[in-house]
1. Excluding same-chain pairs closer than 8 in sequence, count the lysine pairs in segment 95-221 whose Cα atoms lie under 13 Å apart.
2. Report relative contact order for segment 201-288 in percent, whole number only (criteria: Cα-Cα under 8 Å, sequence separation at least 6).
3. Taking θ as phi - 60°, what are the ³J(HN,Hα) couplings along segment 22-38 by the Karplus curve (6.51, -1.76, 1.60), each to the nearest whole Hz, with x for Gly and Pro?
4. Which order, highest average first, do 29-40, 260-271 follow once you tally other Cβ atoms within 10 Å for each residue and take the mean per peptide?
5. Which shape class, rounded, prolate or oblate, goes with segment 193-264 when its Cα gyration tensor gives a ≥ b ≥ c as root eigenvalues, a/c under 1.5 marks rounded, and past that a/b bigger than b/c marks prolate?
6. Report, by chain and number, residues whose modeled amide H sits under 5 Å from the one on Q257, excluding near sequence neighbours (fewer than 5 apart, same chain).
7. Label-point separation (nm) for W187 and V297, each offset 7 Å from Cα along Cα-to-Cβ?
8. What order, most packed first, do the peptides 186-194, 164-172 have when packing is the mean number of other Cβ atoms within 10 Å of each residue?
Amino acid sequence: MNAIETGRPATIRTEHFVTLFDHKFLPYGVALYSSLGEHVPDFVLWILCMDAEVEDSLKRLELPNVRLIPLREVETEGLRAVKAGRSRGEYCWTLTPFTPSFVFARDPGVERVTYLDADLFFFSSPKPLFDEFEASGAQVLITDHGFAPEYDTSEKYGKYCVQFMTFRNSPGGRRVLDWWQARCLEWCFDRVEEGKFGDQKYLDDWSVRFAQEVHVLAQKELALAPWNARMFLEGKGEARTPTFFHFHRFRIVTPNQMMVYRGYRVGMEAERLYERYVERMTEALSLLAKVGIPVPVLPLGRNALERAKRLILFLMRSIRFHPFQLDPGTTALPPRKD
């Protein structure tokens, strides 16, 4: 069947994305999915389900263009051997390098797949990022943290951010993945040790180690986060919209309150992005309520919550909470493309 018969332009390709999360991060995944539906004409979002609860919830939601990967079906002997010695978060990091391979194994026809952190949200099309990647001729695309000087922790946590990473289903792409997977099996912990941190510090030398395979995104202003929002968005004349924003430290801390950010002064231009994300996150939570899924809460703990609130007195606008109310009549889903 040709493009005319399908009614779809021949130039549109299906973009494959992969992410992973457990039931506590389900609303983030739904919000991410909804933003892809707005800005990517044809996509598949693969989700590595970190527990049975999130797998069951996603099946109940029946989201179009989503394919589930149950963890029990892809865990290798090597992964199971290190699982007991790592926290839930550390094990998620250990699995991250394997997610593109899980997709390629399930659908060998996929030409490339982009790993996404679940707390990303797209504000415009990722086409400029993919266009730059195509022009580079590389096999792997990674993004710089792009820290503002006052938040630069690259020495500890890495120059590059494991947030948006594209891998081709090619010998070069698989070579990088194989190396990264082996390193994370050896060591992947939530601490700084001998130049390592989680799955992320391993990327520091990729531009040299894999000089022929890896391209670093040059358009840093399109990949924003609380640690660089003011630097890229303010004092630049006309307001610009990033391709995506990484909502690091955004938390649903009670059944009716969100901690929007903590530890950063994001600036007034970024506030509009946060307002949009709060709106979309509330829609996602309302959708879950509609099918009987309670609000997944990630509490700070009483002491941590009180310390966080006291920061307001010392760090102007470095922390913000936002109340919300659910409305099961709303939906965060894009319209079906039948």
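1. Count of close lysine pairs: 5.
2. Here the relative contact order equals 24 percent.
3. 9, 5, 6, 9, 4, x, 5, x, 5, 5, 4, 4, 5, 6, 5, x, 6
4. Top to bottom by mean Cβ count within 10 Å: 29-40, 260-271.
5. Oblate shape, in that a/c is at least 1.5 and b/c is the bigger or equal ratio.
6. Residues meeting the criterion, in which the H sits 1.01 Å from N, are F324.
7. Going from the W187 label point to the V297 one covers 3.9 nm.
8. Output ranking for 186-194, 164-172: 164-172, 186-194.
None of the figures in this text is laboratory data; all of them are computed from the coordinates on show. Keep in mind that this is a model prediction, so the values were computed, not measured. Cβ coordinates were reconstructed from backbone atoms using ideal geometry, including for glycine residues, and neighbour counts include every protein chain displayed.
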